[in-house]
Structures are given as structure tokens and as C-alpha cells.
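Read the structure below first, then the notes.
The values are calculated or read from the model by the stated rules, or taken from the named source; none is laboratory data. Nothing here was measured: the structure is a model prediction, and the numbers come from that model. Positions of Cβ are backbone-derived with ideal geometry, glycine not excepted, and every protein chain shown enters the neighbour counts. When the accessible area is computed, the model is the full protein with side chains, heavy atoms only, and any ligands, DNA or RNA have been set aside. Shrake-Rupley method; radii C 1.70, N 1.55, O 1.52, S 1.80 Å.
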Amino acid sequence: CSIPFFSDLVLRLLDHVGSSLGRPEDNLPVLNPEDLFDEPSYQANGALFWPDLSPFQEKMPEQWSALSGGVWQSRPENIRWEQESGQLLVDKAKCGAMLQRAATMAMHLRSLCRFLPGDGGDKDLFQLAWTLESRSFAMAPLPAAAGCLKPDRASTASGAFVGHTMVHHSCDGTPYFLHRTIDKHEDLWQLHWEVVAKPKFQDMQCLSLQRICPDAKVKARIVPQHAEHVEVHDFDRYVGSEIRTRFARIVAELLEEENRRCRSKAKARARYKKPRCCLCWCCRTALVPSWSKAPIVKQSRTHSADWVPQTGVILQEMLKGITSLVLAVLMGESMQGANGRGICLDD
């Protein structure tokens, strides 16, 4: 693990005062998260975490010793599942020491990452820090479900389901968070959820993360361990169809704002593209025939946003200007300068 992952979630929690909910941008709340602050398990412990897909794997004594600074030789009793840090609820007033411990461990993540599960990221530092400080925390009892579009692959021993989103529940089993951990940047204006695979068992791993290749740290898809280990439900019935209505309203507002911004940029570009007179630009007192609208020089914008003359256009427009002056002399036309004074050429 040469390049460990390090999020700013710990620092965000340290910046907050009182209770706070940590959540990244790819995690969509289904319901109002404020209701979670009244959860009895959170009120009792000051911290509420959510489990990941996999149980915390057993390690060698020296690995536990490295993670704990020589305190542990085996897995502590309260660390059973890997932690999913897509959301976590923390009361800073009660958990300041644990957050400081997690921040200290995060600063040494490069040394600790090879002993941590998964990709060696900082997601499990929270439950490790709480345990090192001998403080309890609440873990949501239900394992994560998975959401995706309707399966379209051939059925295998693990079934046809292929997911890209983790569905997390509150302590009473209500679907609460949709954490899109895979394909999170594809078609942001659409909800890519039609079905949900819910684990049938709470004490065993029912869903797993398959990778593009065994040694690659690139997430590929969420699949059942076995087809019989999950129940596939319709998304709208399991999570609720209200989220589609709210999401559509938000998308409409964002698209309208984007269109308004594009129209403003188009108007600005059109204003900058108006031809400019080289003579007036240079000396402000140049004489141009009042009836002549031919510009002497056109200008263009470079990548550095500076206005520069187009060399190929200069000669062409200068010839037009000279021709205009000659015609003005031949016709005895009055000349109008930038200072507004008129001059007769045949005087």
C-alpha cells in the first residue's frame, strides 16, 4: 500500500461543535438525518456507526499489536464488522478524546494501512480509536443492503444481482442512506436504482465486493455471496418513491441554474466578440469616415484571457480602412474623429 487513502472526515468532525453527522457527497439521505440524534443507542454512547459488507478479519498478534500500539494481541470483542464510514454520528462533547485518537492514527495512516482491512483507508480508525480509549460505541444492527438497476447478467451461483450502492438502515431497520460507492460519477441527473438486495442473515456476510482483478484496489460491483442469501425487493417499495419526486425537483432546479449560467456566459461572449476600431483603441483621436463601419482590427482572446490582435486580419482590415479613406477623399466626405470634431478633406 504505497498510496493510502486519507479523507478529511476526521478533520470535519473535529471542526464541529456538539453533535454532528459525517457524510460524504456521494451519500444521499433518504429521510431527515436529524431524527437519528434521538436514537437511544446514540444517546447512550455518543457515537453511532454503520457496518461494512465484511466481518473484521482475524489478524496475527503482531498486526493487532501494530494497530493498537502494543495494547492488543487479538481482536477486541466489540470489533466484529468492518466499519463503513459513509456516515457516522458523533457527539463531540462526549467523544473529544476518541476523535483526537482517530486523528492521530490518521496522521500515521501510511504506516498503519497495511494492517487495516479493505483498501487500507481510514474507515475503521473510528471503532479502533473508541476501543483504544475504552469507550463504547453503537453499531447499527442491520447489515447493509445493495441497490442497482434491474439485473441483466446471466444468473450464476451468486444470482443475477449486481449492485453499486450500499443501502444503510437505522437501528429500527428503516432505509436511511444510499451510499453510491461504485460508478458514482455516471449520469448524475438520474437515479440508478430499481431493485434492492437485502441480506437474509445478520450474523453472516451475505454481500461481497468483487474487484476487476484480485490484486486491484478498484471496486467493481457488489454481488451476493450466494443467491439464496439475499431477498431482492423493488426499490420504490423498499426505500420509498418520495425520494424520486424530491430528486427530480432538485435536478430541475440545478439544470435551470446551469442553463441560466450558460445564457449569461453566451451573452458575455457575444459582447466581447463585437469588432473594435484599432485607431480609436490606439490613440483615441483617429479619423474614420462617418459612413464607414469597417473595423480596422479584430481581436481575439487567448488561453490566458488577454486580448491580442489577429495578425492575419490586420492587413486585410487595414486595406479596407485605406480604401475607405481614399473614397472619402475622392467624394469630399466629412471625417468624424473619436473626439467628435468634423474635418473637411477638401479644405
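For segment 217-293, the strands (runs of 3 or more DSSP E) that sit wholly inside it and include 2 or more residues that are among the hydrophobic types (A, V, I, L, M, F, W, C), surrounded by 11 or more Cβ atoms within 10 Å (Cβ to Cβ) and modelled with pLDDT of 85 or more are 219-224, 230-234.
Every listed requirement among (1) open to solvent by less than 30 Å² (accessible area, probe 1.4 Å); (2) farther than 17 Å from L53 by Cβ; (3) of a type in the set (A, V, I, L, M, F, W, C) is met by L149 save one, (1). When the residues of segment 91-120 are filtered to those that are assigned to a loop (DSSP other than H, G, I, E, B) and touching a helix residue (DSSP H, G or I) at 6+ places or on another chain (Cβ under 9 Å), which remaining residue is surrounded by the most Cβ atoms within 10 Å (Cβ to Cβ)? Ranking the candidates gives L116 first. Entry remark, segment 169-206: residues being open to solvent by less than 50 Å² (accessible area, probe 1.4 Å) and in a loop (DSSP other than H, G, I, E, B) number 11 in total. Within segment 132-145, at least one residue is open to solvent by 30 Å² or more (accessible area, probe 1.4 Å) and in a strand (DSSP E or B).
I'd like to verify a number: residues in segment 227-260 that are aromatic (F, W, Y) and closer than 15 Å to G147 by Cα, how many? Qualifying residue count for the region: 2.
The residues of segment 156-189 that are of a type outside the set (V, I, T), out of contact with any strand residue (DSSP E or B) (no Cβ under 8 Å at 6 or more places or on another chain) and at pLDDT 90 or above, listed by number, are D172, G173. Does D152 satisfy the condition of being at pLDDT below 90, within 26 Å of the chain's Cα centre (by Cα) and farther than 22 Å from V71 by Cβ? It is false that D152 is at pLDDT below 90, within 26 Å of the chain's Cα centre (by Cα) and farther than 22 Å from V71 by Cβ. Of the numbered criteria (1) closer than 26 Å to M204 by Cβ; (2) more than 30 Å from the chain's Cα centre (by Cα); (3) of a type outside the set (D, E); (4) open to solvent by 10 Å² or more (accessible area, probe 1.4 Å), the one S85 fails is (2).
Filtering segment 55-77 to residues that are in a loop (DSSP other than H, G, I, E, B), within 32 Å of the chain's Cα centre (by Cα) and surrounded by 12 or more Cβ atoms within 10 Å (Cβ to Cβ) leaves only F56. Being crowded, with 17+ Cβ neighbours inside 10 Å, more than 23 Å from P143 (Cβ to Cβ) and either out of contact with any helix residue (DSSP H, G or I) (no Cβ under 9 Å at 6 or more places or on another chain) or of a type in the set (G, A, S) (or both): is that true of S20 here? Against the criterion (crowded, with 17+ Cβ neighbours inside 10 Å, more than 23 Å from P143 (Cβ to Cβ) and either out of contact with any helix residue (DSSP H, G or I) (no Cβ under 9 Å at 6 or more places or on another chain) or of a type in the set (G, A, S) (or both)), S20 qualifies.
When L88 is tested against (1) outside any helix (DSSP H, G or I); (2) more than 15 Å from W130 (Cα to Cα); (3) modelled with pLDDT under 90, just one condition goes unmet, and that condition is (2).
One residue stands out among those in segment 21-46 that are farther than 19 Å from K94 by Cα and among the hydrophobic types (A, V, I, L, M, F, W, C): the one that is modelled with the lowest pLDDT, which is L28.
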